Structure formats: C-alpha cells, structure tokens
Amino acid sequence: MAFDLCAFYMAQIGEASKMLTDESQSSLTCINFSVLKVFRNMIDHTYEKVNKKYLKAYIFSMITAEAMAEIKSRINYCNENAE
C-alpha cells in the first residue's frame, strides 16, 4: 500500500509540474521531467501498476540533499521574484 501511495503522490507531482515555467523546469536539473511524465501517464491514464524498483529509484533520486537544496533554491527564487 505504501508504494501505491507513493505512486499516487508521484502522479500529483507530475500533474503539478506541468504548471512550472520552462525556465523553472530547466533550472531543476535534479528532476527528470520526462520520467515524471511517464509515471503520471501510467498512473492517471492507463491505470497500470508502477514497477516498484523504478518508483523507488526515482523517489530516492528526488530526495537527495542536492535535489532538496536545488528545489528549495528555486522556490526561494520564485518567491523573491513573484509579481
């Protein structure tokens, strides 16, 4: 059930990532948006079970200290430059 919950959240993150500007997407090198899109499509459109090994590997790549620092930096940038 934990993997299903993770897959659900990955689908939500994938959907929300579509609202990022191209500049924000290109600045977030820690996130592979094409892989995120594949996960979202599998979950939302084909209702397939996600391969647990791939899901785990992708999640672990997104939660590294480097990835978290990059995401926090971009959030700060957006907050400071909001109109």
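The values are calculated or read from the model by the stated rules, or taken from the named source; none is laboratory data. For clarity, every value in this text was computed on a predicted model and none was experimentally measured. Don't worry about glycine lacking a Cβ; one is built from the backbone with ideal geometry, like all the others, and counts go over all protein chains shown. Please note that ligands, DNA and RNA were not included when accessible areas were found on the heavy atoms of the full protein model with its side chains. Shrake-Rupley method; radii C 1.70, N 1.55, O 1.52, S 1.80 Å.
What to note about this one:
- Crossing angle, helix 2-17 versus the chain [Cα axis fit, 0-90 degrees, rounded to tens]: 40
- Whole-percent carbon and sulfur share, accessible surface of the stretch 1-55, 1.4 Å: 62
- Kirkwood hydrodynamic radius (C-alpha pairs) into Stokes-Einstein, the chain, 20 °C and 1.002 mPa s, D in µm²/s: 158
- Here the simple spin-label model places points 7 Å from the Cα toward Cβ, and for residue 70 and residue 13 these points are separated by 1.2 nm.
- In straight-distance terms, cross-link reach from residue 52 covers every one of the lysines whose alpha-carbon lies under 18 Å from its own, apart from those fewer than eight places away in the same chain; here that gives 37.
- Label-point separation, residue 30 to residue 79 (7 Å along Cα→Cβ), nm: 1.5
- The chain - percent relative contact order, Cα under 8 Å, separation 6 or more: 34
- Given charges at beta-carbon only (K, R positive; D, E negative), |dipole| of the stretch 12-57 in Debye: 360
- Over the chain, accessible surface divided per residue gives 75 Å², non-protein components excluded, 1.4 Å probe.
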